[in-house]
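This report concerns only the one structure given below.
The values are calculated or read from the model by the stated rules, or taken from the named source; none is laboratory data. Here the structure is a predicted model, which means the values were calculated and not measured. We place every Cβ from the backbone using ideal geometry, glycine too, and count neighbours over all the protein chains shown. To get the accessible areas, we keep the full protein, side chains included, count just its heavy atoms, and leave off ligands, DNA and RNA. Shrake-Rupley method; radii C 1.70, N 1.55, O 1.52, S 1.80 Å.
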Amino acid sequence: MARTVILGYIERDTLIHRLTGLSKLIGFLLWSVAAMISFDTRMLALLVAISLWLFGMSKIRFKEIAHVFYFILFLMVINAIFIFIFSPEEGVKIYGTRTVLHQLTDNYAITSEQLFYQATVVLKYFTIVPIALLFILTTQPNEFAASLNAIFVPYSIAYSVAIALRYIPDVQRDYRNISRAQQARGVDMSKKANAFKRLRNIASIILPLVLASIDRINSISNAMELRGFGKKPKRTWYSARPFKRRDAIAVASCALLIAFVLVVTWTNGSRFYNPFA
């Protein structure tokens, strides 16, 4: 049975896939700037809704990104816990009121303001994550490299990023092959083994995986050196595509949306939307 590639290009015939890497890169950068600047919960909710709509247009199935999503969700939960531990009154400082819902200890209390602030922080993550995944999953690595080079990133750096993205499926394939070889030798990695034993057995995969990765890196670097990579100040890109009308419309639409979000955010005189005022 074929395995899903985690964080790799997934080919589909959709409008999102047909956009050039450059237009998607510009849109992603504009989107990221707006998401980082704005703390207006209403505008963040709007961006989340649009990002989910775009994700639906791409026809990427949830099961294809489930592992990444759950890992990011786990990091969000950890981040929310640490925010509350180290700054339990941050929402109170921002919104200027204090509505206690439950007093935990002398120093810790659950307040409406803190809950709203942390919900806004989580919403900011959900504003970026779908668009970031959409960009990675619908853009070929070589086209991504060409897009970086088009915005004046040195082509040696752009090509390194492309190789890293292309290498992710190779690492996953090597991990599965080594895992199967180890299991054929009697190393138990099934759910029947206890957690500690499984972790110890998984560690036996790491060394062969690292050695295989180093060997592949050495082969790629030798091949690039033999072909004179980096000798010329510029290079052409076989995978680069011309900027078309749909790309201009996509970039313009994204720019207008981001401008609207920023205008509404700063009209209130603050980056934060305050429902407690």
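Here segment 104-243 is treated as an ellipsoid with the same Cα gyration tensor; its semi-axes, largest first and in whole Å, are 37, 32, 13. Shown here for segment 49-112: trypsin sites (Lys or Arg not before Pro) in loop regions (DSSP other than H, G, I, E, B) with at most 12 other Cβ atoms within 10 Å, namely Arg61.
Counting 0.36 nm for each residue step from Asp215 to Ile151 and taking away their Cα separation leaves a gain of 19.8 nm. In the chain, Cα pairs under 8 Å separated by at least six residues give a relative contact order of 35 percent. Note on segment 67-128: Rg/Rh from Cα positions, Kirkwood definition for Rh, rounded to two decimals, is 1.03. Annotation for segment 62-94 versus segment 120-139: alpha-carbon center distance of 14 Å. The helix-based estimate of mean residue ellipticity at 222 nm for the chain, built from -39,500 (n - 2.57) per DSSP H run of four or more residues and divided by its residue count, is -23000 deg cm²/dmol to the nearest 500. Run the dipole for segment 123-277 about the Cα centre, Lys and Arg Cβ at +1, Asp and Glu Cβ at -1, nothing else charged, and hand back the magnitude in debye, nearest 20. For this selection, approximately 300 debye. Rolling a 1.4 Å probe over the protein heavy atoms of segment 1-123, with every protein chain left in place, gives an accessible area that is 70 percent carbon and sulfur. Overall, the anisotropy analysis places segment 34-84 in the oblate class: the square-rooted eigenvalues a ≥ b ≥ c of its C-alpha gyration tensor yield a/c not less than 1.5, with a/b not exceeding b/c. Rounded to a whole number of µm²/s, how large is the Stokes-Einstein D of segment 207-277 at 37 °C and 0.692 mPa s, given Rh as the Kirkwood radius over C-alpha pairs? Calculated translational D: 182 µm²/s. Taken as entire DSSP H runs, the helices of the chain that both span 18 Å or more between Cα atoms along their own long axis and average 0.0 or more on the Kyte-Doolittle scale are 21-37, 41-57, 66-86, 112-137, 195-226, 245-267. P(r) tail for segment 59-179, what percent of Cα pairs lie past 25 Å? Beyond 25 Å sits 50 percent of the P(r) for segment 59-179. Calculate the length of the line joining the C-alpha centroid of segment 29-53 to that of segment 151-166, in whole Å. Going from one Cα centre to the other spans 27 Å. Here the Kirkwood formula, the inverse mean of 1/r across different C-alpha pairs, assigns the chain a hydrodynamic radius of 22.2 Å.
Note on the chain: lysine pairs with Cα distance below 22 Å, sequence gap of 8 or more or different chains, count 5. Simple rule: put +1 on each Lys or Arg Cβ and -1 on each Asp or Glu Cβ in the chain, find the dipole, and look at Ala203, Thr20, Gly230; the Cα lying farthest toward the positive end is Gly230. Summed over the residues of the chain and divided among them, the accessible surface reaches 60 Å² per residue at a probe radius of 1.4 Å.
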